[in-house]
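Right, one structure below, let's go through it.
The values are calculated or read from the model by the stated rules, or taken from the named source; none is laboratory data. Here the structure is a predicted model, which means the values were calculated and not measured. SASA here: full protein model, heavy atoms, side chains in, ligands and nucleic acids out. Shrake-Rupley method; radii C 1.70, N 1.55, O 1.52, S 1.80 Å.
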Amino acid sequence: MDQPTPQPEPSGSEAQPAVVCARCGTQSPGGIPPTWTCSVENGTREYFCVACARANLRAIEGRLDSSWW
């Protein structure tokens with residue numbers, strides 16, 4: 001009970017990990033771009049770049065798993 005509560009670090013000092021497109025492997029340094037698409041498949045979060053998302057828009061809207069694209 002005498003131990004201080006740990007405080008989280010300020011958000012500005014955290015380095016955001018690079019995100020990789022699950023389809024083509026394009027890397028996005030500095031976090032997730034707002035134009036990328038996020039999909040949760042089999043409990044894992046996958047990100048798709050703008051080019052891959054546009055090429056497979058109908059499959060994404062039809063909620064098909066990316067393995068069917």
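When restricted to residues that are open to solvent by 70 Å² or more (accessible area, probe 1.4 Å) and assigned to a loop (DSSP other than H, G, I, E, B), segment 24-46 contains 7.
Hey, can you tell me all the residues within segment 47-69 that are part of a loop (DSSP other than H, G, I, E, B) and among the aromatic types (Phe, Trp, Tyr)? Across segment 47-69, the qualifying residue is only Trp69.
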